[in-house]
Amino acid sequence: MTSIVIPAHNEGRVIGRLLDALLADSPSSGPDIVVVCNGCTDDTARVAGARGDRVRVVEIPTPSKHTALRVGDEHARGFPRLYVDADVVVGAADVRALAGALAADPDLLAAAPGRDIPPTGCAWPVRAYYRVWQRLPAVREGLFGRGVIAVTEEGHKRIAALPPLMADDLAASLAFGPGERRVVEAARVVVRPPRTWSDLIRRKVRAATSSAEFERFQAAREACAGAAPSARTGASDLRALLRADPELLPAVVVFAAAALAARRGARKAIREQDFSTWLRDESSRQ
């Protein structure tokens with residue numbers, strides 16, 4: 001049986017659309033869905049519970065995604081297992097496509113869907129930023145930034161061994177080699193981007209902070225086990241994009257400005273080793 005674990009912290013405004021998509025066109029014997037409401041002060045649990053017996057709601061007092069994922073594991077019943085962020089939209093057919101890909105290839109331990117980022121309602125700098133971001137090789141090939149990752153039982157052992165990191169999806173993606181992970185384009189997930197520049201920077205400051213924490217973890221692991229993989233964007237990546245499409249220059253300038261602003265904004269948190277403050281973009285949840 002396929003299991004789906006959804007960690008949710010104050011996601012009452014958006015979790016309904018995800019659950020409706022998962023339950024639509026899905027038989028009564030469909031996926032086992034566990035929603036872990038962690039530290040919620042809104043109606044997330046009520047909204048999820050209103051979807052009926054096919055959705056099991058677990059409430060914990062701690063507002064922690066890592067804890068919610070582990071609690072979800074305790075309640076989930078089967079494999080393959082999907083971890084799905086509450087603010088994305090993925091459907092029942094997409095879940096079946098991911099499960100099918102894992103079942104068809106014994107070497108495959110993890111999979112994620114293709115990513116759709118609708119730009120409607122976003123400020124032009126946000127649209128420009130994502131024009132570049134979606135073209136980056138690491139972004140196209142990695143499992144992170146999709147809000148959905150599916151793993152086999154063996155793959156689950158790999159990610160369960162990871163420490164609690166803010167960049168949990170990046171760590172999960174890089175825990176698998178290229179032959180062990182796959183983006184299944186036949187499956188799709190809708191990821192809502194921030195609508196405003198300020199919300200984009202908040203999201204990128206969080207990403208820069210979490211990346212710094214992850215790199216510290218990688219450095220410690222590298223000292224013990226050799227060089228670790230990376231998903232960091234370099235100047236060479238941007239130059240390659242410009243060589244392929246010179247018309248991207250204005251968008252690349254916007255992308256670079258966002259990266260610079262994020263690094264500046266993350267300095268204090270990194271200096272103080274504050275890797276728990278979660279700067280959330282609310283505009284994408286409206």
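The values are calculated or read from the model by the stated rules, or taken from the named source; none is laboratory data. Remember, predicted model here, so these are calculated numbers, not experimental data. Glycine also receives a Cβ, built like all others from the backbone with ideal geometry; neighbour counts cover every protein chain displayed.
Select from region 250-286 the residues that are in a helix (DSSP H, G or I), under 14 Å from PRO193 (Cβ atoms) and either modelled with pLDDT under 95 or not hydrophobic (A, V, I, L, M, F, W, C) (or both) and list them in ascending order.
Of everything in region 250-286, those that are in a helix (DSSP H, G or I), under 14 Å from PRO193 (Cβ atoms) and either modelled with pLDDT under 95 or not hydrophobic (A, V, I, L, M, F, W, C) (or both) turn out to be SER283, SER284, ARG285.
Any idea which residue in region 46-59 is farthest from VAL34 (Cα to Cα), counting only those that are buried (at least 17 other Cβ atoms within 10 Å of the Cβ) and touching a residue at least 24 places away in the same chain (Cβ under 8 Å)?
Taking the candidates together, the pick is VAL47.
Let's see how each residue does on (1) assigned to a strand (DSSP E or B); (2) within 22 Å of GLU141 (Cβ to Cβ); (3) under 15 Å from the mean Cα position of the chain (by Cα):
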| site | (1), (2), (3) |
| --- | --- |
| ARG77 | no, no, no |
| LEU82 | yes, yes, yes |
| LEU98 | no, yes, no |
| ASP107 | no, yes, no |
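If you check ARG206 against the conditions, is it in contact with a strand residue (DSSP E or B) (Cβ under 7 Å, 6 or more places away or on another chain), in contact (Cβ under 8 Å) with a residue 60 or more places away in the chain and of a type in the set (Lys, Arg)?
Numbers: in contact with a strand residue (DSSP E or B) (Cβ under 7 Å, 6 or more places away or on another chain): no; in contact (Cβ under 8 Å) with a residue 60 or more places away in the chain: yes; of a type in the set (Lys, Arg): yes.
Criteria not met by ARG206.
Please indicate, with yes or no, whether at least one residue in region 92-113 is in contact with a strand residue (DSSP E or B) (Cβ under 8 Å, 6 or more places away or on another chain), surrounded by fewer than 20 Cβ atoms within 10 Å (Cβ to Cβ), under 25 Å from LEU165 (Cα atoms) and modelled with pLDDT of 95 or more.
no
Can you report the number of residues in region 1-31 which are at pLDDT below 95 and farther than 18 Å from VAL89 by Cβ?
4
Which one of ALA111, ALA99 is in contact with a Ser or Thr (Cβ under 7 Å, 6 or more places away or on another chain) and either under 22 Å from SER3 (Cα atoms) or without any contact (Cβ under 8 Å) to a residue 12 or more places away in the chain (or both)? Don't jump to the end; show me each part of the working.
Values: ALA111 fails: in contact with a Ser or Thr (Cβ under 7 Å, 6 or more places away or on another chain).
So the residue among ALA111, ALA99 that is in contact with a Ser or Thr (Cβ under 7 Å, 6 or more places away or on another chain) and either under 22 Å from SER3 (Cα atoms) or without any contact (Cβ under 8 Å) to a residue 12 or more places away in the chain (or both) is ALA99.
So, of the residues in region 1-45 that are touching a helix residue (DSSP H, G or I) at 6+ places or on another chain (Cβ under 7 Å) and hydroxyl-bearing (Ser, Thr, Tyr), which turns out to be surrounded by the most Cβ atoms within 10 Å (Cβ to Cβ)?
Going through the qualifying residues, I end up with THR44.
Looking at this structure, is GLU215 out of contact with any strand residue (DSSP E or B) (no Cβ under 6 Å at 6 or more places or on another chain), acidic (Asp, Glu) and not in a loop (DSSP other than H, G, I, E, B)?
Values: out of contact with any strand residue (DSSP E or B) (no Cβ under 6 Å at 6 or more places or on another chain): yes; acidic (Asp, Glu): yes; not in a loop (DSSP other than H, G, I, E, B): yes.
So GLU215 passes the test.
Can you find even one residue in region 171-189 that is of a type in the set (Val, Ile, Thr), surrounded by fewer than 19 Cβ atoms within 10 Å (Cβ to Cβ) and not in a helix (DSSP H, G or I)? Give the derivation first.
In the first step, residues of region 171-189 are kept if they are of a type in the set (Val, Ile, Thr); the result is 183-184, 189.
With surrounded by fewer than 19 Cβ atoms within 10 Å (Cβ to Cβ) added as a condition, the list becomes 183.
Within this subset, residues satisfying the condition of being not in a helix (DSSP H, G or I) are 183.
Within region 171-189, one or more residues are of a type in the set (Val, Ile, Thr), surrounded by fewer than 19 Cβ atoms within 10 Å (Cβ to Cβ) and not in a helix (DSSP H, G or I).
Scan region 10-40 residue by residue and report those that are under 23 Å from GLU74 (Cα atoms) and among the β-branched types (Val, Ile, Thr).
The answer is ILE15, ILE33, VAL34, VAL35, VAL36.
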